[in-house]
Structures are given as C-alpha cells and as structure tokens.
Amino acid sequence: MIKCLDTMVLIYLVDKASPFHKRAVEIIEQSENGLWRSCICFSSLAEFASIVTSEECVRYPLSAKVARGFIEKIMKAPQPDILYADAHILRDTFTLIEKHRSQRRRFWETMTAATMLAHGVKTIVTSQSRNFQAIREIQVENPFETLFA
C-alpha cells in the first residue's frame with residue numbers, strides 16, 4: 001500500500017518543539033520499515049518550503065539553506081516517491097472543486113488529491129482531516145487525531 005504524506009507531516013517532522021513531532025517521526029519510521037510505502041506531492045514540498053521559512057507561519061523558521069537541504073534529502077531518498085503534477089492534473093483539480101463545492105477554498109489540498117488520484121494513490125496521511133474529507137475519492141488517515149483531544 002502507498003500513502004501520500006501531507007505537508008503538515010513534514011512540518012511536524014522538522015519542528016522538534018511541536019507536540020506532534022514524535023508522531024511525525026513514527027510515521028516516517030513506519031514507512032521506512034516497510035509497513036507501507038510513502039509518497040509526497042511536489043506541490044506539498046513547495047508549500048512546506050514556503051511555510052517553514054516564514055516567520056509569519058512558524059515560531060522558529062528555517063533558513064532557506066536548511067529548508068533546501070531538507071527537501072534535497074527527501075528528493076534523493078528511496079522514499080517518499082515524489083508525485084509531479086501537469087496541466088491535466090490542474091484541470092482535474094478544478095473538476096474536483098466543481099464536484100465538491102466545499103473545496104473551493106482549499107485549492108492546494110484539492111490539487112494534492114488530484115495529483116494522488118492521477119498517480120493511483122488513494123490514501124493521504126494528514127493532521128488536517130477536514131481539508132480532505134469532502135473528497136470521497138480518497139481515504140483520509142489522521143494519526144495525529146488522538147493528540148488533539
């Protein structure tokens with residue numbers, strides 16, 4: 001089985017001060033230990049870079065150099081596989097938004113779902129279930145849910 005990692009999994013992975021850091025590490029270890037195969041959308045890597053280098057988004061932003069090094073390490077690793085988008089996937093994103101009207105304000109999450117579907121991936125691992133739950137074509141797995149309670 002292959003599962004797509006959402007941007008937030010990577011953010012928690014690099015944010016050692018986050019209460020979700022340990023769970024993010026466990027998720028990556030499960031994949032590395034062969035319990036399942038991981039992938040991530042290229043757009044999620046770009047979103048990750050935008051968030052972790054911004055003082056407006058995180059308490060301790062990474063330098064561009066550190067963020068770039070982290071992304072390059074991911075891109076060279078055996079997994080996660082990187083899922084790329086093209087013009088067809090962009091069109092599919094709009095089709096999903098038209099089908100699931102609640103996704104109108106969640107363009108990037110919808111593009112992630114469209115990218116996953118184009119690559120035959122049906123499960124996303126995320127801490128933000130609500131951002132994907134309207135898209136019935138994919139399954140949402142939230143291993144962080146119990147930590148929010």
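The values are calculated or read from the model by the stated rules, or taken from the named source; none is laboratory data. The structure presented is a predicted model; accordingly, all values stated were derived computationally and were not measured. When we count neighbours, we look across all protein chains shown, and the Cβ atoms used for this are built from the backbone with ideal geometry, even at glycine.
Miscellaneous remarks
- Scan of region 34-49 for residues that are modelled with pLDDT of 95 or more and over 19 Å from residue 124 (Cβ atoms), ordered by number: 49
- Residue match in region 58-80 (condition: over 25 Å from residue 23 (Cα atoms) and part of a loop (DSSP other than H, G, I, E, B)): no
- Output for region 124-144, where each listed residue is over 12 Å from residue 113 (Cα atoms) and assigned to a helix (DSSP H, G or I): 129, 130
- Index of the failed condition, residue 93 passing every other in (1) at pLDDT 95 or above; (2) within 21 Å of residue 28 (Cβ to Cβ); (3) not aliphatic (A, V, I, L, M): (2)
- Residue count for region 104-123, restricted to those that are among the charged types (D, E, K, R) and either touching a residue at least 40 places away in the same chain (Cβ under 8 Å) or part of a helix (DSSP H, G or I) (or both): 3
- Taking the listed residues 98, 29, the one that is part of a helix (DSSP H, G or I), at pLDDT 95 or above, within 17 Å of the chain's Cα centre (by Cα) and exposed (fewer than 13 other Cβ atoms within 10 Å of the Cβ) is 29, with no other qualifying.
- Among residues of region 52-66 that are without any contact (Cβ under 8 Å) to a residue 12 or more places away in the chain and closer than 16 Å to residue 9 by Cα, those with a beta-carbon under 6 Å from a residue that is surrounded by 10 or more Cβ atoms within 10 Å (Cβ to Cβ) and among the hydrophobic types (A, V, I, L, M, F, W, C) at least six positions away or on a different chain give the pairs 57/51.
- On inspection, residue 141 does not qualify as surrounded by fewer than 23 Cβ atoms within 10 Å (Cβ to Cβ), touching a helix residue (DSSP H, G or I) at 6+ places or on another chain (Cβ under 9 Å), under 24 Å from residue 25 (Cβ atoms) and at pLDDT below 95.
- The condition of being crowded, with 17+ Cβ neighbours inside 10 Å, over 17 Å from the mean Cα position of the chain (by Cα) and either modelled with pLDDT of 95 or more or not hydroxyl-bearing (Ser, Thr, Tyr) (or both) does not hold for residue 5.
- Of all residues in region 25-49, none that is on the phi > 0 side of the Ramachandran plot and in contact (Cβ under 8 Å) with a residue 40 or more places away in the chain has its Cβ atom under 6 Å from the Cβ atom of a residue that is surrounded by 16 or more Cβ atoms within 10 Å (Cβ to Cβ) and not basic (Lys, Arg), 6 or more apart or on another chain.
- Every residue from region 1-26 that is charged (D, E, K, R) and in a helix (DSSP H, G or I): 22, 23, 26
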